[in-house]
Amino acid sequence: MSSVSTHVLDTSAGRPAAGVAVRLAARAGSTDPWTELGGATTDTDGRCTDLPTPPRGTTQVRLGFATEAYFAGRRAAARRDGAPPGDGGAPFFPEVAVTFAVAPGEHHHVPLLLNPFGYSVYRGS
């Protein structure tokens, strides 16, 4: 069986992105329907290590990151702390979906580098 983890770093703040909701879906082949497996939330270090295990026969996985809710929470926290307001707008990407191939028996770590106007992903270790 494969396993999946992720790590979200907020490059606009220069720190881990805590509290990002992450959903996991899987499918057996590129033409098969997606099966939602569940999700988790990033911890204070921005890591999400307790995602569900994809079922046997999975060849593709999709991670969905709730970026709009994360940035809304960050703006609200800044207002509570008396920080000067930023642009106050919603992020350009309200959610990020990353689809990738998985191999049986391997661990797949997919970090997300995030800011309100862009993101980058890669296969980590």
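Structure notes:
- Lone unmet requirement of (1) at pLDDT 90 or above; (2) over 10 Å from the mean Cα position of the chain (by Cα); (3) not basic (Lys, Arg) for SER125: (1)
- Any chance SER120 is modelled with pLDDT of 90 or more and hydroxyl-bearing (Ser, Thr, Tyr): yes
- Residue in segment 98-107 that is on the phi > 0 side of the Ramachandran plot and at pLDDT below 95 present: yes
- Top-ranked residue in segment 74-97 [being loosely packed, with under 15 Cβ neighbours inside 10 Å and within 23 Å of ASP50 (Cβ to Cβ); ranked as modelled with the lowest pLDDT]: GLU95
- Taking the listed residues ASP32, ASP43, the one that is modelled with pLDDT of 95 or more, closer than 15 Å to LEU9 by Cα and not in a strand (DSSP E or B) is ASP43, with no other qualifying.
- Taking segment 28-45 as the range and being out of contact with any Lys or Arg (no Cβ under 8 Å at 6 or more places or on another chain) and either surrounded by 17 or more Cβ atoms within 10 Å (Cβ to Cβ) or farther than 28 Å from ALA90 by Cβ (or both) as the test, the residues that pass are ALA28, GLY29, SER30, THR31, ASP32, LEU37, ALA40, THR42.
- Residue count for segment 18-68, restricted to those that are more than 12 Å from the chain's Cα centre (by Cα) and of a type in the set (D, E, K, R): 6
The values are calculated or read from the model by the stated rules, or taken from the named source; none is laboratory data. All figures in this text were calculated on a predicted structure; none of them were measured in a lab. Don't worry about glycine lacking a Cβ; one is built from the backbone with ideal geometry, like all the others, and counts go over all protein chains shown.
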